[in-house]
């Protein structure tokens, strides 16, 4: 059996998942198309990334949120450093402010639970310029 198959089986037997919740607020309406130009391909890349269990997006009170779950934190970090996501992260500070929160959980939380944790414990990553 290939090493990758054994490794994936081992990961699937884990009961914990790594959850990432993000939120970006676009500074001006003018920047919305630029935001979506990066957000849509980034979400598609997340959904197809190794170790991704789920990825979803939602806009709440003018903040564009993502909720994703991963087999391991290392899988999320590999996606975070991928060219598609890295390109978007380099651009976002120019037109958006944002926060992130990542944590381990026994199961993928629902949106209300994830956003409550995000608001309580999230950290700023993009501040106003």
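The values are calculated or read from the model by the stated rules, or taken from the named source; none is laboratory data. No experiment lies behind these values; they were computed from the predicted model shown. Cβ coordinates were reconstructed from backbone atoms using ideal geometry, including for glycine residues, and neighbour counts include every protein chain displayed.
Scan (1) at pLDDT 95 or above; (2) touching a helix residue (DSSP H, G or I) at 6+ places or on another chain (Cβ under 9 Å); (3) surrounded by fewer than 17 Cβ atoms within 10 Å (Cβ to Cβ) for the single condition residue 116 breaks and write down its number. Condition (2) is where residue 116 drops out. For segment 52-87, name all the residues that are under 14 Å from residue 25 (Cα atoms) and surrounded by 15 or more Cβ atoms within 10 Å (Cβ to Cβ). Listed by number, the residues that qualify are 57, 63, 64, 65, 66.
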